Protein chains: 2
Amino acid sequence: MNVEAYMIELGQRAREASRLMARAETGIKNRALLYMAEAIEAGRDTLASANQQDLESARANGLDAAMLDRLELTPARIDTMVEGLRQVATLADPIGGITDMNYRPSGIQVGKMRVPLGVIGIIYESRPNVTVEAASLCLKSGNAAILRGGSESIHSNQAIAACIAAGLKRAGLPQTAVQVVETTDRAAVGQLITMPEYVDVIVPRGGKGLIERVSRDARVPVIKHLDGICHVFIDSEADISKAINIALNAKTHRYGTCNTMETLLVDSSVAAKVLPELAGAYEQAGVELRGCERTRALLPQILAATQEDWSTEYLAPILSIRVLDGMDEAISHINQYGSHHTDAIVTENYTKSRRFLREVDSSSVMVNASTRFADGFEYGLGAEIGISTDKIHARGPVGLEGLTSQKYVVLGDGHIRQ
Amino acid sequence: MNVEAYMIELGQRAREASRLMARAETGIKNRALLYMAEAIEAGRDTLASANQQDLESARANGLDAAMLDRLELTPARIDTMVEGLRQVATLADPIGGITDMNYRPSGIQVGKMRVPLGVIGIIYESRPNVTVEAASLCLKSGNAAILRGGSESIHSNQAIAACIAAGLKRAGLPQTAVQVVETTDRAAVGQLITMPEYVDVIVPRGGKGLIERVSRDARVPVIKHLDGICHVFIDSEADISKAINIALNAKTHRYGTCNTMETLLVDSSVAAKVLPELAGAYEQAGVELRGCERTRALLPQILAATQEDWSTEYLAPILSIRVLDGMDEAISHINQYGSHHTDAIVTENYTKSRRFLREVDSSSVMVNASTRFADGFEYGLGAEIGISTDKIHARGPVGLEGLTSQKYVVLGDGHIRQ
């Protein structure tokens, strides 16, 4: 198989399908989503046995327990895929929406219409349910998709692809609107990210290695998420009980997510009031603490934080703590060591809350709320294809709108320019 | 001089300045713009003599008349720069604007705040007035700018840079918020577009060669404009007098602009009614016509269009004309040969107008209006840094908003995630 030629063919077909998808009616797109859900319901056994094949090879190849877990399509996960498709069908269709339509002094009327991006390439790792999530969001937003999953989930992905194709066909949409790459050859990724004539944007979902590689080599715009080094700053005027609740929730609600707090910053004037109680609660939860010198003066039992800790995304029950003097030092720390993902202040002070919101350069900035809220569903986007730490195009949780663009529409009555 | 080290230093200073600019008050930014205008007023003589130096070297180097014209800072052009600065000062400040602030079922309030992109690199050719335009738009949108003008205008740009720096200083803003690259070494461009740690977006303004080179080599997102191959389609149900007015205006109002029509598409059922009259008017205006076979059956005196004509941006008094059957053929032609810039239909038919608006994949789509309206000022953006033919981030005329991004702001009262 000539991988380059194969990918170009996928690209050409996707480009063609994208023209039809751009004009597809909302009702037809929704029907396709519901038909896909039905096809998955009906194909449970086929899906399970394809997944079994992947799991067996994975075990034979010595994949670790965490990988095997991500790979597995349990009945509950199949339920979630079906539910997800039905939920995306209920979301409002962003495409064709016209905003800001105003008359201009020349007499023309100018507004903006929301349009699909065109063809979206999604590159992801082991979890086969991403195939359904990504396909459904691209379809609803009027785009064509080329999906490239991990080689370890190839059989599961092909089985899911068949259900997606059945749904598209039954709704009268082109089956090439969602194409799952059939080869596990790595050259397919290299080709996918370097054909701007056929692919408008790449969304890599997976580990940092994958995302860095894709960003470095892509000749197509990339919507990406790198680190989530999130902070909570407990201000001198914080309500202590809110501060303790938020600091605990932001760290312990889930350890492996990108919006989990990795560094706690505490104003020196309240450190003695909050840190001992918090340290006890973290200890009970099994969180390892690493502190700066001033933190360790209050909590001598914990480890010393090194310079490296301030810029580490643990994704684990580990927390670094720094005591500092005032909000300006906290903002400097966040802008220097953070990853511009999600940062929160706990304060009752009006002026400081306004300044923190304005001056912290992160995709989500919060007052008196847990960083764990940084999520497309919590924000009301209805769905999420990822969280962008870029500034261009899409920032923060990316829902359907992040997969669209806008064009200008101009209405006249024979108007010419003077 | 070590160009790489020099550019990195500019980048670091710009990054630092961008933090201060992001929080600069609207009033202070406006004052800086007005002070710059005063400095240019007061520095007319210095500007003129620096420009004289550039003009002399340009003549000695044998630059052509068009280049010399673009390079010259006439008193009228200096007036325009001064006026431009005052006008940007009157525009609304986009930064800090909060939209879509809503309560969520969890009790948190979520909205979006408009923020600067950070550091913007602008690469442009001979026209020194771009230095002022670009600086004023970056400043007003809270960004820091690194400006790299053409080597032929280096003295003019330095003189303008001094006025900009004086205005920034007098307003109490960092002078490093706008830096004009002082070396004419071409390696400076290569460095500028490959340091994502210091530069957030590149805007190349100039010929196609420059833009293609920058796009190919950049490791930073690029907001760019390639071709403007714009179409007017005269539908079977067009009002003939509107059609003739628009077709003439779209071609003859100005020849060298990107929103000028390059190909006229005419439905076969009205071709005999409009083409002879139009051809006479074009002839009077000195426009060379090149037609398809069916066009030449009606206008035997004109040249035959070749396949290449359909995808050529003439930027000159030349027009290609094609007769075809119905709107579907017109849309196919536009999506195949156009550059997704600006395309218009002339029709009185309601259903066709709606379909054309939805199905033509261009940054501006128009009904019964001249393509020449595709312009930031005509659209009410108040200013324009360029017209983007990309889909990602900014599409169509790019004003202040195109130089910004949005971050999420979340307000709570001690809320934690359940």
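The values are calculated or read from the model by the stated rules, or taken from the named source; none is laboratory data. Given the structure is predicted, the values throughout are model-derived calculations rather than measurements. Note that we place each Cβ from the backbone using ideal geometry, even for glycine, and neighbour counts take in every protein chain shown.
Buried (at least 18 other Cβ atoms within 10 Å of the Cβ), more than 25 Å from the chain's Cα centre (by Cα) and closer than 30 Å to B:LEU303 by Cβ: does that describe B:ARG372?
For B:ARG372, the condition - buried (at least 18 other Cβ atoms within 10 Å of the Cβ), more than 25 Å from the chain's Cα centre (by Cα) and closer than 30 Å to B:LEU303 by Cβ - is not met.
Give the residues of region B:261-272 that are among the hydroxyl-bearing types (Ser, Thr, Tyr) and under 14 Å from B:ILE321 (Cα atoms), sorted by residue number. Break it down into steps so the answer makes sense when it comes.
Residues of region B:261-272 that are among the hydroxyl-bearing types (Ser, Thr, Tyr), as a first pass: B:263, B:268-269.
Passing the criteria: B:THR263, B:SER268.
Pick out, from region A:114-190, the strands (runs of 3 or more DSSP E) lying fully within it that include 1 or more residues that are of a type in the set (Gly, Ala, Ser). Lay out the reasoning, then the answer.
Values: elements: A:119-124, A:144-148, A:178-180.
Per the criteria, A:119-124, A:144-148.
Condition first: among the hydrophobic types (A, V, I, L, M, F, W, C), in a loop (DSSP other than H, G, I, E, B) and farther than 21 Å from A:ILE229 by Cβ. Now tell me which residues in region A:280-330 satisfy that.
At the first step, the residues of region A:280-330 found to be among the hydrophobic types (A, V, I, L, M, F, W, C) are A:281, A:285, A:287, A:289, A:292, A:297-299, A:302-305, A:310, A:315-316, A:318-319, A:321, A:323-324, A:327, A:330.
Remaining after also requiring in a loop (DSSP other than H, G, I, E, B): A:287, A:292, A:299, A:302, A:305, A:315-316.
Matches in region A:280-330: A:LEU299 only.
Is region B:81-94 home to any residue that is within 14 Å of another protein chain (Cβ to nearest Cβ), under 19 Å from the mean Cα position of the chain (by Cα) and closer than 28 Å to B:VAL222 by Cβ?
yes
Restricting the first residue to region A:205-226 and requiring it to be more than 16 Å from A:HIS393 (Cβ to Cβ), which pairs with a second residue that is among the small types (Gly, Ala, Ser) meet a Cβ separation below 6 Å and a spacing of at least six or different chains?
A:ARG205/A:GLY386
Please specify each residue of region B:151-178 satisfying the condition of being without any contact (Cβ under 8 Å) to a residue 40 or more places away in the chain and closer than 29 Å to B:MET67 by Cα.
Answer for region B:151-178, where residues must be without any contact (Cβ under 8 Å) to a residue 40 or more places away in the chain and closer than 29 Å to B:MET67 by Cα: B:SER151, B:ASN157, B:ALA161, B:ALA165.
Taking strands (runs of 3 or more DSSP E) that do not extend beyond region A:346-418, which have at least 3 residues that are under 22 Å from A:SER332 (Cβ atoms) and within 7 Å of chain B (Cβ to nearest Cβ)? Break it down stepwise before answering.
On the way: elements: A:364-369, A:386-388, A:396-398, A:404-415.
Where strands (runs of 3 or more DSSP E) fall fully within region A:346-418 and carry at least 3 residues being under 22 Å from A:SER332 (Cβ atoms) and within 7 Å of chain B (Cβ to nearest Cβ), they are A:364-369.
Within region B:236-273, can you find the residues that are β-branched (Val, Ile, Thr) and away from chain A (no Cβ under 14 Å)? If you could, list the steps in order and put the result at the bottom.
The initial filter retains those residues of region B:236-273 that are β-branched (Val, Ile, Thr), namely B:240, B:244, B:246, B:252, B:257, B:260, B:263, B:266, B:270.
If the condition is that a residue be β-branched (Val, Ile, Thr) and away from chain A (no Cβ under 14 Å), then B:THR263, B:VAL266, B:VAL270 are the ones that fit.
How many of the residues making up region A:68-88 are more than 20 Å from A:ALA162 (Cβ to Cβ) and either touching a helix residue (DSSP H, G or I) at 6+ places or on another chain (Cβ under 7 Å) or not assigned by TED's automatic domain parsing to the domain that holds A:VAL132 (or both)?
The number of residues fulfilling the criteria is 1.
Being in a strand (DSSP E or B) and of a type in the set (Asp, Glu) is true for just one of A:ASP79, A:ASP100, A:ASP93. Which residue is that?
A:ASP100
Based on this model, can you work out whether A:HIS340 counts as within 26 Å of B:GLU16 (Cβ to Cβ), modelled with pLDDT under 95 and not charged (D, E, K, R)? Steps first, answer last, please.
Values: within 26 Å of B:GLU16 (Cβ to Cβ): yes; modelled with pLDDT under 95: yes; not charged (D, E, K, R): yes.
Yes: the conditions hold for A:HIS340.
Identify, please: which residue in region B:68-124 is among the charged types (D, E, K, R) and under 22 Å from B:ILE202 (Cα atoms) and is, among those, surrounded by the most Cβ atoms within 10 Å (Cβ to Cβ)?
Step one: filter region B:68-124 for residues among the charged types (D, E, K, R), giving B:69-70, B:72, B:77, B:79, B:83, B:86, B:93, B:100, B:104, B:112, B:114.
Add one more test, that the residue is under 22 Å from B:ILE202 (Cα atoms), and what stays is B:93, B:114.
Numbers: B:ASP93: 17, B:ARG114: 19.
The residue in question is B:ARG114.
Could you list all residues from region B:112-148 that are closer than 23 Å to B:ILE98 by Cβ and either out of contact with any strand residue (DSSP E or B) (no Cβ under 8 Å at 6 or more places or on another chain) or without any contact (Cβ under 8 Å) to a residue 12 or more places away in the chain (or both)?
B:LEU137, B:LYS140
If you take the residues in region A:212-235 that are within 14 Å of another protein chain (Cβ to nearest Cβ) and of a type in the set (Val, Ile, Thr), which one is farthest from A:SER405 (Cα to Cα)?
Only one residue fits best here, namely A:ILE234.
Which one is farthest from B:GLU262 (Cα to Cα), of the residues in region B:373-389 that are in contact (Cβ under 8 Å) with a residue 60 or more places away in the chain and touching a strand residue (DSSP E or B) at 6+ places or on another chain (Cβ under 8 Å)?
This residue is B:ILE385.
Out of region B:103-113, which residues are assigned to a strand (DSSP E or B) and either of a type in the set (A, V, I, L, M, F, W, C) or at pLDDT below 95 (or both)? Write out each step before concluding.
Residues of region B:103-113 assigned to a strand (DSSP E or B): B:103, B:109-113.
If the condition is that a residue be assigned to a strand (DSSP E or B) and either of a type in the set (A, V, I, L, M, F, W, C) or at pLDDT below 95 (or both), then B:VAL110, B:MET113 are the ones that fit.
Scan (1) under 30 Å from A:VAL323 (Cα atoms); (2) more than 14 Å from chain B (Cβ to nearest Cβ) for the single condition A:GLY190 breaks and write down its number.
Failing condition for A:GLY190: (1).
State all residues of region B:192-240 that are farther than 30 Å from B:GLU329 by Cα and in a helix (DSSP H, G or I); if no residue qualifies, say none. Full working, then the answer.
Residues of region B:192-240 that are farther than 30 Å from B:GLU329 by Cα, as a first pass: B:192-207, B:209-223.
Once the filter is applied, which keeps residues that are farther than 30 Å from B:GLU329 by Cα and in a helix (DSSP H, G or I), region B:192-240 yields B:LEU192, B:GLY209, B:LEU210, B:ILE211, B:GLU212, B:ARG213, B:VAL214, B:SER215, B:ARG216, B:ASP217.
The rows are residues; the columns are (1) under 27 Å from B:SER364 (Cβ atoms); (2) aliphatic (A, V, I, L, M).
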residue	(1), (2)
B:ARG114	yes, no
B:LEU173	no, yes
B:GLN179	no, no
B:VAL189	no, yes
B:LEU226	yes, yes
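Right, B:PHE373: aromatic (Phe, Trp, Tyr) and within 27 Å of B:ALA305 (Cβ to Cβ) or not? Spell out the reasoning first.
On the way: aromatic (Phe, Trp, Tyr): yes; within 27 Å of B:ALA305 (Cβ to Cβ): yes.
So B:PHE373 passes the test.
Given the condition away from every other protein chain (no Cβ under 14 Å) and in contact with a Cys (Cβ under 7 Å, 6 or more places away or on another chain), answer yes or no: does some residue in region A:283-306 qualify?
The answer is yes, given that some residue of region A:283-306 is away from every other protein chain (no Cβ under 14 Å) and in contact with a Cys (Cβ under 7 Å, 6 or more places away or on another chain).
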